[in-house]
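Asker: Handing you a structure now.
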Amino acid sequence: MSFKEQILEGIPDELPQPKPYEDAINHAPIRKDILSLEEKKLALSNALRYFDKKHHSILIEEFKNELETYGRIYMYRFRPDYKMYARPIEDYPAKSKQAAAIMLMIQNNLDYAVAQHPHELITYGGNGGVFSNWAQYRLTMKYLAEMNDEQTLVMYSGHPMGLFPSHKDAPRVVVTNGMMIPNYSKQDDWEKFNALGVTQYGQMTAGSYMYIGPQGIVHGTTITVLNGFRKIGKSPKGNLFVTSGLGGMSGAQPKAGNIAGCITVCAEVNPKITQVRLEQGWIDEKILDLDELVLRVKHAKANKETVSIAYLGNIVDVWEKFNEAGIYIDLGSDQTSLHNPWAGGYYPVGLSFETSNDMMANAPEKFKEKVQESLRRHADAINKHTAKGTYFFDYGNAFLLEASRAGADIMSKNKTLGREFKYPSYVQDIMGPMCFDYGFGPFRWVCASGKAEDLAKTDEIACKVLEDIKQNSPEEIQQQMSDNIQWIKGAQENKLVVGSQARILYADAEGRLKIAEAFNQAISKGEIGYVVLGRDHHDVSGTDSPYRETSNIYDGSRFTADMAIHNVIGDSFRGATWVSIHNGGGVGWGEVINGGFGMVLDGTKEASKRLKQMLFWDVNNGISRRSWAKNEGAVFAIKRAMESEPNLKVTLPNYVDGELLKTLELK
C-alpha cells in the first residue's frame, strides 16, 4: 500500500507480520516489573481492546511477552513499514489542512533523527512519549486524515478518544498527558499506570507534537551559557563549561557551547547516542580516557579554543578527575534526566551502562541506592570546585531536588522560601530575571512545505522584524534583542535543522505577533508555504514548575499551577489549532504542570485574527502572574503591554515597606 493508504487504513483488519527487534536502534530501558498478576491481566485486556476479537488469541501471547520482557506493551508488530519523517503537508491524506499539519508534527517527533527511542514512541528524556503504543499512533493518524474543520480530536494521554463535533474556530486537537489525581503522581504511580496503558508521560513537547530536535534547546542553552559567563564577568573564549547528557534535550549543550564560544566538556554514558551526536555534528570530538581528556582540555585552555568534547563515561568521574588535575571549571551544570532517576535518567558512577540497565529492571531497589550514592558523590565533587570559584547552576533537570532527597550536601545554610539549595536554578538567576520576566521565551515555527528555502525566507523575515523592533526598544530589553538577532543571523551556518524545517528564537509578545503576521502575509502572497507556530512549554506562562520555570517567583505561589491551566484554556478559545496540558516535564512526574499549543498559519485574514488574539494572551498571562509576584522586570513589561493594548487591565502589586515588616512582632 502507498503511504496515504496506510494512514487511512488505521489499525489493519488483518495482522501485519511481526517486526524483528532491531538492535541497532537506540531502545528505551527495560522498565521494572511493577504490576501484580491481576494488574498484568488488566494491562493485557486494555491493550487488546484496540483489536478485533479474532486476533486476541495471537496478540495476547505477543503482548504478554512484551510486558514481561520490556515492562510495557509497545505493540511492535504494528510499527508502520513506511519511513518516519515530517513530509510536506501536501503528502498527507487529509480533509483539513490543519489536521495535516498536526500529522506532520507527529511524524517529526518520531523521526529516527529526532526521537530518542523511536520504536518505543519516545521522543526525549527517556520517557517522553508521543503515544504509548503503535495502535494509538495508527488510530490517531486515521482520525486526523478523516476529520473536517468542524471536529475536534480528543487525546487522553496518547489514546485518541475520538472525533467530536465542534466549530471551525475551535482547536482541531485537545491533548492531555498524565493528568493524574494529585495524590497519584509519585514515580511508581507513573510506572504502574503507564504499564497499565492508561496514562503516559508527555514530557513537555513530546506528547504535544511540538518537539523540533535538539535545536529547540540549543538556543535556550546558548542564551543561558552567554548570560552565565556575563554573570561571572567573563568572556566565554578559552573558558570551560562542564556538564553531562547528550540525549534529546541535553544533546544541545555542546552545540550551544560552540555558538557561545567556550570550551565544553559533556559526559555521556550511552555509546549509541554519543556516536549519533558526533555524526550529527553536535559535538566536535569524542574521548574515552580521562587522562587524555585532561590533556585535551589543558591544550584547549592554553590556545583559547572554541571546542565541544564528549567524554564517553560518567560525569562524576570528570568532576573528580578535574579537581585532582587542577583544572579550573568556570561554569558547571548537569542535564541528565533526573526527572526520571530510577528508569534510565541517571546512571550511577562505578557501574557500566549495561550493568545499570540490567539492575534498574531486575534489582530496582538496589539501583535506587546506587543512584543516590552517586548523587551524594556527584554533589561532593561539585562542592570542591565551587569552593574554588566555579559557578554551578541547576539546569532544570531536578538535579538539586533528587540530590537533596539522596541526602547530598547541597542545602543552603540560610534557607529562605525559594532559596532552599546552595546553588540556583538557571531560571532563578539567569533566564527568569533576564528573559521570562520581560516576556522573552522560546517561540518556534515549522515550514510545512518541508522546503529549506522556505525556512531561509522565514529566517530573513524574522531577522528584519527584530531589527525594526530593536530600533525603538527600551534599554531594558536591548540585550535580549541583540542576542536574538545574532542568533537568527547565524542559524543557517550553524546547521541546526534536525528533522523538520524548523526554527526557534526567544521573542516577547511584540516580536511573536509581528513575526507571525509577517509570515502570514508572505503565505498570502505565495512567497512561502504554510507555517506552524508553536513554542517550548518552557516559557513565560506555559509552565508552573517550582524548581525551574517559576523558581524565581518568591511570593509563595510557585507551588500553584493556576497559570499553566489558564494558559491552555485561554489559548484554546483564542484560536490555537491544538492545545495540550501535561503533568510532568523536564523536572518530573508530579513536580510540574505545563501546557503548549500549535497554530497553523495559512495566509488568511482568519489566521491573522487568531494569531493576534492568542499570542498576546499566551505571553502576557505569564507576565501578569510574575508582576503580581513583584518581579521588577515583569512589572515593567506588563505596564508596557497595557500601554500598547487598551483592553488589557492587570492588577498591579503595592509594595510593602521592608522596615514595617522588620518591626512587626509575630508570635
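Asker: Determine the pairs where a residue that is buried (at least 17 other Cβ atoms within 10 Å of the Cβ), located within segment 149-164, has a partner that is in a strand (DSSP E or B) and of a type in the set (Lys, Arg) with Cβ atoms under 9 Å apart, the partner being 6 or more residues away or on another chain.
Answerer: none
Asker: Residue by residue through segment 168-186, note down the ones that are open to solvent by less than 30 Å² (accessible area, probe 1.4 Å) and either assigned to a strand (DSSP E or B) or in contact with a Ser or Thr (Cβ under 6 Å, 6 or more places away or on another chain) (or both). Explain how you work it out, then say what you get.
Answerer: Looking only at segment 168-186, we keep the residues that are open to solvent by less than 30 Å² (accessible area, probe 1.4 Å), and these are 170-173, 175, 177-178, 185.
If the condition is that a residue be open to solvent by less than 30 Å² (accessible area, probe 1.4 Å) and either assigned to a strand (DSSP E or B) or in contact with a Ser or Thr (Cβ under 6 Å, 6 or more places away or on another chain) (or both), then Ala170, Pro171, Arg172, Val173, Val175, Asn177, Gly178 are the ones that fit.
Asker: In segment 196-217, how many residues are in a helix (DSSP H, G or I), in contact with a strand residue (DSSP E or B) (Cβ under 8 Å, 6 or more places away or on another chain) and not small (Gly, Ala, Ser)?
Answerer: Within segment 196-217, the subset in a helix (DSSP H, G or I) is 215-217.
If we keep only those that are in contact with a strand residue (DSSP E or B) (Cβ under 8 Å, 6 or more places away or on another chain) too, we end up with 215-216.
Subsequent filtering for residues that are not small (Gly, Ala, Ser) retains 215.
Adding up the residues that qualify gives 1.
Asker: Follow-up. Collect the residues in segment 370-387 that are open to solvent by 10 Å² or more (accessible area, probe 1.4 Å) and in a helix (DSSP H, G or I), keeping them in residue-number order.
Answerer: Within segment 370-387, the subset open to solvent by 10 Å² or more (accessible area, probe 1.4 Å) is 370, 372-373, 376-377, 380, 383-384, 386-387.
Across segment 370-387, the qualifying residues are Lys370, Gln372, Glu373, Arg376, Arg377, Asp380, Asn383, Lys384, Thr386.
Asker: For the list (1) in contact with a strand residue (DSSP E or B) (Cβ under 7 Å, 6 or more places away or on another chain); (2) farther than 25 Å from Asn108 by Cβ, I need the number of the one condition that Lys298 fails.
Answerer: Status for Lys298: all satisfied but (1).
Asker: Further question: Please go through (1) without any contact (Cβ under 8 Å) to a residue 40 or more places away in the chain; (2) surrounded by fewer than 19 Cβ atoms within 10 Å (Cβ to Cβ) for Thr140 and return the number of the only condition it doesn't satisfy.
Answerer: Exception for Thr140: condition (2).
Asker: Against the definition (charged (D, E, K, R), open to solvent by 30 Å² or more (accessible area, probe 1.4 Å) and either assigned to a loop (DSSP other than H, G, I, E, B) or in contact with a His (Cβ under 8 Å, 6 or more places away or on another chain) (or both)), how does Glu354 come out, yes or no? Can you show your working first?
Answerer: Numbers: charged (D, E, K, R): yes; open to solvent by 30 Å² or more (accessible area, probe 1.4 Å): yes; either assigned to a loop (DSSP other than H, G, I, E, B) or in contact with a His (Cβ under 8 Å, 6 or more places away or on another chain) (or both): no.
For Glu354, the condition - charged (D, E, K, R), open to solvent by 30 Å² or more (accessible area, probe 1.4 Å) and either assigned to a loop (DSSP other than H, G, I, E, B) or in contact with a His (Cβ under 8 Å, 6 or more places away or on another chain) (or both) - is not met.
Asker: List every residue pair whose Cβ atoms lie under 7 Å apart, where the two residues are 6 or more positions apart in sequence or sit on different chains, the first residue falls within segment 471-489 and is small (Gly, Ala, Ser), and the second residue, located anywhere, is in a helix (DSSP H, G or I).
Answerer: Ser473/Met481
Asker: Can you run down the residue pairs with Cβ atoms below 7 Å, 6 or more apart or on separate chains, where the first is in segment 19-40 and closer than 17 Å to Gly345 by Cα and the partner is open to solvent by 70 Å² or more (accessible area, probe 1.4 Å)?
Answerer: So the pair list comes out as Asn26/Lys272.
Asker: Next question, about the same structure. I'd like the full set of residues that are surrounded by fewer than 24 Cβ atoms within 10 Å (Cβ to Cβ) and in a helix (DSSP H, G or I), limited to segment 601-610. Talk me through it step by step, then tell me what you get.
Answerer: If we filter segment 601-610 for residues that are surrounded by fewer than 24 Cβ atoms within 10 Å (Cβ to Cβ), which is where we start, we get 602-606, 608-610.
Selection gives Lys605, Glu606, Ser608, Lys609, Arg610.
Asker: So is Leu121 at positive phi and surrounded by 24 or more Cβ atoms within 10 Å (Cβ to Cβ) or not? If you could, list the steps in order and put the result at the bottom.
Answerer: Details: at positive phi: yes; surrounded by 24 or more Cβ atoms within 10 Å (Cβ to Cβ): yes.
In short, yes.
Asker: Need at least 2 residues that are farther than 17 Å from Pro546 by Cα per element, so show me which strands (runs of 3 or more DSSP E) inside segment 408-447 make the cut, counting only ones lying wholly within it.
Answerer: 411-416, 441-447
Asker: Let me ask something additional. Look at Glu665 and say whether it is modelled with pLDDT under 95, of a type in the set (D, E, K, R) and open to solvent by 20 Å² or more (accessible area, probe 1.4 Å). Walk me through how you get there before you give the answer.
Answerer: Details: modelled with pLDDT under 95: yes; of a type in the set (D, E, K, R): yes; open to solvent by 20 Å² or more (accessible area, probe 1.4 Å): yes.
When the stated conditions are applied, Glu665 passes them.
Asker: Can you tell me which residue in segment 52-75 is most open to solvent (accessible area, probe 1.4 Å), limited to those that are in a loop (DSSP other than H, G, I, E, B) and either acidic (Asp, Glu) or out of contact with any Gly (no Cβ under 8 Å at 6 or more places or on another chain) (or both)? Spell out how you get there, then give the answer.
Answerer: Going through segment 52-75, the residues in a loop (DSSP other than H, G, I, E, B) turn out to be 52, 71-75.
Still in the running and either acidic (Asp, Glu) or out of contact with any Gly (no Cβ under 8 Å at 6 or more places or on another chain) (or both): 52, 71-72, 74-75.
Numbers: Asp52: 82, Gly71: 8, Arg72: 9, Tyr74: 13, Met75: 1 Å².
Only one residue tops the list, namely Asp52.
Asker: Okay, next question. Find the strands (runs of 3 or more DSSP E) located wholly in segment 80-167 whose residues include 3 or more that are within 20 Å of Gly584 (Cα to Cα), at pLDDT 95 or above and not acidic (Asp, Glu), and list them. Walk me through it before giving the result.
Answerer: Numbers: elements: 122-124, 151-156, 159-165.
Filter on segment 80-167 gives 151-156.
Asker: I'd like the residue in segment 187-232 that is farther than 25 Å from Asp429 by Cβ and modelled with pLDDT under 90 and, out of all such residues, is least open to solvent (accessible area, probe 1.4 Å).
Answerer: Just the residues of segment 187-232 that are farther than 25 Å from Asp429 by Cβ, to begin with: 187-202, 206-213.
Those left that are additionally modelled with pLDDT under 90: 187, 213.
Numbers: Gln187: 44, Gly213: 0 Å².
Applying the filter and picking the extreme gives Gly213.
Asker: Does segment 445-467 contain at least one residue that is open to solvent by 10 Å² or more (accessible area, probe 1.4 Å) and in contact with a Leu (Cβ under 7 Å, 6 or more places away or on another chain)?
Answerer: No, the conditions are met nowhere in segment 445-467.
Asker: Now for a different question. So in segment 551-590, with the set limited to residues that are assigned to a helix (DSSP H, G or I) and polar (S, T, N, Q), which one is least open to solvent (accessible area, probe 1.4 Å)? Can you show your working first?
Answerer: The initial filter retains those residues of segment 551-590 that are assigned to a helix (DSSP H, G or I), namely 557-559, 562-574.
With polar (S, T, N, Q) added as a condition, the list becomes 557, 567, 572.
Working: Ser557: 27, Asn567: 0, Ser572: 30 Å².
That would be Asn567.
Asker: Looking at Asn654, Asn631, Asn647, Asn621 in this structure, which one is open to solvent by 10 Å² or more (accessible area, probe 1.4 Å) and touching a Ser or Thr at 6+ places or on another chain (Cβ under 6 Å)? Can you show your working first?
Answerer: On the way: Asn654 fails: touching a Ser or Thr at 6+ places or on another chain (Cβ under 6 Å); Asn631 fails: touching a Ser or Thr at 6+ places or on another chain (Cβ under 6 Å); Asn647 fails: touching a Ser or Thr at 6+ places or on another chain (Cβ under 6 Å).
Just a single option satisfies the conditions, and that option is Asn621.
Asker: May I ask you to verify whether Gly529 is in a loop (DSSP other than H, G, I, E, B), small (Gly, Ala, Ser), open to solvent by 10 Å² or more (accessible area, probe 1.4 Å) and out of contact with any Gly (no Cβ under 7 Å at 6 or more places or on another chain)? Before the answer, list the steps.
Answerer: Details: in a loop (DSSP other than H, G, I, E, B): yes; small (Gly, Ala, Ser): yes; open to solvent by 10 Å² or more (accessible area, probe 1.4 Å): yes; out of contact with any Gly (no Cβ under 7 Å at 6 or more places or on another chain): yes.
Answer is yes for this residue.
Asker: Of the residues that sit in segment 312-348 and are of a type in the set (A, V, I, L, M) and surrounded by fewer than 21 Cβ atoms within 10 Å (Cβ to Cβ), which one is farthest from Ile232 (Cα to Cα)? Steps first, please.
Answerer: Taking segment 312-348 as the starting set, the residues that turn out to be of a type in the set (A, V, I, L, M) are 312, 315-316, 318, 325, 327, 329, 331, 338, 343.
When the remaining residues are screened for being surrounded by fewer than 21 Cβ atoms within 10 Å (Cβ to Cβ), the result is 312, 325, 327.
On the way: Leu312: 29, Ala325: 23, Ile327: 18 Å.
Looking at the filtered set, the residue picked out is Leu312.
The values are calculated or read from the model by the stated rules, or taken from the named source; none is laboratory data. Worth saying up front: this structure is predicted, and the values here are computed from it rather than measured. So basically every Cβ, Gly included, is an ideal-geometry build from the backbone, and we count neighbours across all protein chains shown. These area figures cover heavy atoms from the full protein model, side chains too; ligands, DNA and RNA do not enter into them. Shrake-Rupley method; radii C 1.70, N 1.55, O 1.52, S 1.80 Å.
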